[in-house]
Amino acid sequence: MGDDMKNEATGEKQRKVGVYICYCGGNISDHVYVEKVRESVEKMPLVSVARTNMFMCSDPGQEMIMEDLKSGAVDRVVVASCAPSLHQTTFRNAVKRAGFNPYIYEHANIREHVSWVHNGDSATEKAARLVSAAVAKANLLEPLEPIRVDAIAHAAVIGGGMAGMKAATDLADKGVKVTIIEKSPFLGGNVAKLDRLAPSNTKAADLLTSLATNVLANPLITVHSCSTVQSYEGYVGNFKLGIKKCPPDTGTDKDGCSRNVTSGMKTGAYIPFAGVLPDAPPSSEENITIDAGVIILATGFKPYTPRNGEYGYSDYPEVITLPELIQLMATGKNSGDRLVVNGREIRSMAMIHCVGSRHIPGIHTEDEAGNLNEYCSRTCCAATLNAANNIKEAHPGTSIYEFYRDIRTYGRGQEELYSRASKNKVVFIRFEADAGPEVTSKEAPGDYPLLVRAKDTLTFGEEVAVPVDLVVLATGMEPAAISDLVTMMKLPVGADRFLQEVHPKLRPVELPKAGIYLAGTCQAPMDTGEVSNAAGAAAAKAASLLGKGHVDLDPFVASVDADKCKGTGECVKACLVEGALGMADYETEDGEKKQIARVEPAMCTGCGACVAVCPDNAIDISGWTLEQYEAMVDWIVADIK
Amino acid sequence: MLLVKPDFAEELAAHGSDTAMECFNCGTCAAICPLIYEHFPRRMLRYIQLGAKEKILEEPAELWRCLHCGLCTQTCPRGADPGEVILGLKRYVTANWRKS
């Protein structure tokens, strides 16, 4: 790195800043007079070189920068081009390849912030101001080192359903030790409550048996059933989870998962409509601490429970949900011409779609907590059609009427289910959201217990009435009851109340907090194939992070000037991240003992809240210091020509 | 109110047409029909799906306006064969006209 040069007049350090301005092939130069910007910044005393290029990110552009660094012509670099999210890393790497610290680099965005939003002379002027501000900052940049933290080669997976088991086996295949934390006594989650899965008609039991067998046979995987997360602390590479293992309650929990363990249940075997028992449930309470480098959230969903009176649910025993029907059919098989449910022959049945999904404000009513489920649950159309086909193909004498708003058979093999349903003579009746079907026992003809009425848009808005023996509600998915985890781990939650990823397209299984990943329906409604995709992606992300044994974090975090710090503790009070900033003993060179602020770099997010409150200017953000900001502001408001 | 009768499609099969249940109500047949408006022939297929035989018997004249040009059958994306279904309905109406 070049030697510090002192300005003879002021005695201040003088850097040699190189400025590289990009045309972006017209994207910038169509509205910004690039050569004028170059001429303007070239006049700044700090600037030793100012160059332009049609595409600065091209190899010749990058080499130009590297040559100037190597020849000693510059020791600080400013590139003025597109948004830093696109090419900042490109240019930092070029600086690094030239043998310099990548943090002597500053970026000016003159495309998104200038040429794409302004034109005329003012565009050129704004570009010049932004570039000169970047030069002023670059002059004050110091080399920084990334924060390196060791990563514990162990993954904690919260949830032992499809997603959790799939993520755990994928990680173990990569040689990573995994601990699954499952709140119920069983592995298998909500999938264990199903029979045949759409669209392939695969048996849920087969999927779960094969996954659970792999999980239980793998020495790298530990399963804690009947366990909940009680405490959480740490940061990427070094998380600590406090787990409480309790003897199970009996009955069904708030997410509808079975907790009944009977003495006849065999460990490792699949128990229909419960799951796989990994081991005997604990007989006494036990507290465990788990250290993990990464955490995968696989907390699943909660099946929607229809409200009292919703489409006659809980008013009439003949109204049941689709999961209830699936269980009744699996446990009470019969081979007659007509389906038999609870001992009753079903001559005709209605299946109502979108129950608990696709709510519209002003049409549907909120639950007690004021929530509407405005999203589509995505799995119910295919599940309903699959059930209808299975019924019609085994019991052609049962007539099926599907009341729907839209059929959303979006995935491979799903549209075929719809075509098959038509072949199987299933009748579709389409209702509008504000005129949903009405289920009533009044006016039901003959000995039919119920009549389902709806304005059918396929019959030109006429009211259609179907006498039925059974009504099945295609219930959707709701976010699982994990508010304790959300609060404890400060997890981001979307407007739909499911956990929210950093970016829906580019970073779909990551959370803003490094080292925590999303797998499966804790994020959004998904079918089992999609769950495996998501869990596999989360496992791959986690394995690649753990594979290096350490994590390099950006160095843009708070740092304390021990000489200036008087230990007022104002910064600790202002800090937004628990554990990022605290007070510690400090001994000066003269042997004086005092309390000063101490930063935990891996926890600090670099927000700057501490900098704003320090009365002694003793704390600063590396790479974004107050001094650097002041220099930038000076140049933004300076008279430039 | 239109009370659905599940068995009508089977009753109609005896008159030579059993493809109406294949229809997914896209309306292509009604759009292509050169002679008759008012959602014909889809409306007739829909009545069959719901078993609304009284609706068919109420307005049989429309059935006889169909000249069996075959355009609906040619363009049907589901193979529901509307032309043949209309022919079957003509037989059904002939057999059941003013019976009650």
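Computed values, structure above
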{"quantity": "Which listed residue is touching a residue at least 24 places away in the same chain (Cβ under 8 Å) and in contact with a Pro (Cβ under 6 Å, 6 or more places away or on another chain), from B:VAL4, B:VAL85, B:VAL93", "calculated": "B:VAL93"}
{"quantity": "From A:THR487, A:THR457, A:THR440, residue being of a type outside the set (A, V, I, L, M) and in the same structural domain as A:ALA298 (by TED's automatic domain parsing)", "calculated": "A:THR487"}
{"quantity": "Residue list for the range A:35-53, filter: in contact with a helix residue (DSSP H, G or I) (Cβ under 8 Å, 6 or more places away or on another chain) and either hydroxyl-bearing (Ser, Thr, Tyr) or within 26 Å of A:GLY72 (Cβ to Cβ) (or both)", "calculated": "A:VAL37, A:SER40, A:VAL41, A:MET44, A:LEU46, A:VAL47, A:VAL49, A:ALA50, A:ARG51, A:THR52, A:ASN53"}
{"quantity": "Selection count where residues are touching a strand residue (DSSP E or B) at 6+ places or on another chain (Cβ under 7 Å), among the β-branched types (Val, Ile, Thr) and not in a strand (DSSP E or B), scope the range A:297-333", "calculated": "1"}
{"quantity": "Failed item in (1) more than 13 Å from every other protein chain (Cβ to nearest Cβ); (2) in contact with a strand residue (DSSP E or B) (Cβ under 7 Å, 6 or more places away or on another chain), with A:TYR404 passing the rest", "calculated": "(1)"}
{"quantity": "Residues (buried (at least 18 other Cβ atoms within 10 Å of the Cβ) and closer than 16 Å to A:PRO615 by Cβ) located in the range A:530-566", "calculated": "A:ALA558, A:VAL560, A:CYS565"}
{"quantity": "Residue list for the range B:12-58, restricted to those being under 27 Å from A:GLY446 (Cβ atoms), more than 12 Å from chain A (Cβ to nearest Cβ) and free of Cβ contacts under 8 Å to residues at least 60 places away in the same chain", "calculated": "B:ALA14, B:LYS53, B:GLU54, B:ILE56, B:LEU57, B:GLU58"}
{"quantity": "Test: A:GLN62 is crowded, with 19+ Cβ neighbours inside 10 Å and within 40 Å of the chain's Cα centre (by Cα)", "calculated": "yes"}
{"quantity": "Test: residue in the range A:166-176 that is surrounded by fewer than 18 Cβ atoms within 10 Å (Cβ to Cβ) and in contact with a Phe, Trp or Tyr (Cβ under 8 Å, 6 or more places away or on another chain)", "calculated": "no"}
{"quantity": "Number of positions in the range A:343-391 that are free of Cβ contacts under 8 Å to residues at least 24 places away in the same chain and either assigned to a loop (DSSP other than H, G, I, E, B) or within 24 Å of the chain's Cα centre (by Cα) (or both)", "calculated": "9"}
{"quantity": "Residue count for the range A:422-461, restricted to those that are within 10 Å of chain B (Cβ to nearest Cβ), in contact with a Phe, Trp or Tyr (Cβ under 8 Å, 6 or more places away or on another chain) and of a type in the set (A, V, I, L, M)", "calculated": "5"}
{"quantity": "Lone unmet requirement of (1) touching a strand residue (DSSP E or B) at 6+ places or on another chain (Cβ under 7 Å); (2) surrounded by 21 or more Cβ atoms within 10 Å (Cβ to Cβ); (3) part of a helix (DSSP H, G or I) for A:THR209", "calculated": "(2)"}
{"quantity": "Residue check, A:TYR316 farther than 20 Å from A:ALA388 by Cα and touching a residue at least 60 places away in the same chain (Cβ under 8 Å)", "calculated": "yes"}
{"quantity": "Residues satisfying the stated conditions in the range A:579-607, i.e. out of contact with any Lys or Arg (no Cβ under 8 Å at 6 or more places or on another chain) and free of Cβ contacts under 8 Å to residues at least 12 places away in the same chain", "calculated": "A:GLU589, A:ASP590, A:GLY591, A:GLU592, A:LYS593"}
{"quantity": "Within the range A:496-506, tally of residues that are at pLDDT 95 or above and either outside any loop (DSSP other than H, G, I, E, B) or within 21 Å of A:LEU372 (Cβ to Cβ) (or both)", "calculated": "5"}
{"quantity": "Meets criteria (assigned to a helix (DSSP H, G or I), out of contact with any helix residue (DSSP H, G or I) (no Cβ under 7 Å at 6 or more places or on another chain) and either surrounded by fewer than 20 Cβ atoms within 10 Å (Cβ to Cβ) or β-branched (Val, Ile, Thr) (or both)) for A:THR89", "calculated": "yes"}
{"quantity": "Lone qualifier among A:ALA192, A:ALA198 - being at pLDDT below 95, in contact with a Leu (Cβ under 8 Å, 6 or more places away or on another chain) and under 30 Å from A:ASN386 (Cα atoms)", "calculated": "A:ALA198"}
{"quantity": "All positions within the range A:216-240 that are in a strand (DSSP E or B) and β-branched (Val, Ile, Thr)", "calculated": "A:ILE221, A:THR222, A:VAL223, A:THR228, A:VAL229"}
{"quantity": "Condition check for A:GLU233: buried (at least 23 other Cβ atoms within 10 Å of the Cβ), under 22 Å from the mean Cα position of the chain (by Cα) and among the acidic types (Asp, Glu)", "calculated": "no"}
{"quantity": "Candidates A:ALA108, A:ALA127, A:ALA134, filtered to the one that is hydrophobic (A, V, I, L, M, F, W, C), part of a strand (DSSP E or B) and either without any contact (Cβ under 8 Å) to a residue 12 or more places away in the chain or not assigned by TED's automatic domain parsing to the domain that holds A:ALA537 (or both)", "calculated": "A:ALA108"}
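The rows are residues; the columns are (1) closer than 30 Å to A:GLY237 by Cα; (2) exposed (fewer than 13 other Cβ atoms within 10 Å of the Cβ).
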{"site": "A:GLY582", "(1), (2)": "yes, no"}
{"site": "A:TYR586", "(1), (2)": "yes, no"}
{"site": "A:GLU600", "(1), (2)": "yes, no"}
{"site": "A:THR605", "(1), (2)": "yes, no"}
{"site": "A:ALA612", "(1), (2)": "yes, yes"}
{"site": "A:GLN628", "(1), (2)": "no, no"}
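The values are calculated or read from the model by the stated rules, or taken from the named source; none is laboratory data. Please read all numbers here as calculations on a predicted model, not as lab measurements. Glycine also receives a Cβ, built like all others from the backbone with ideal geometry; neighbour counts cover every protein chain displayed.
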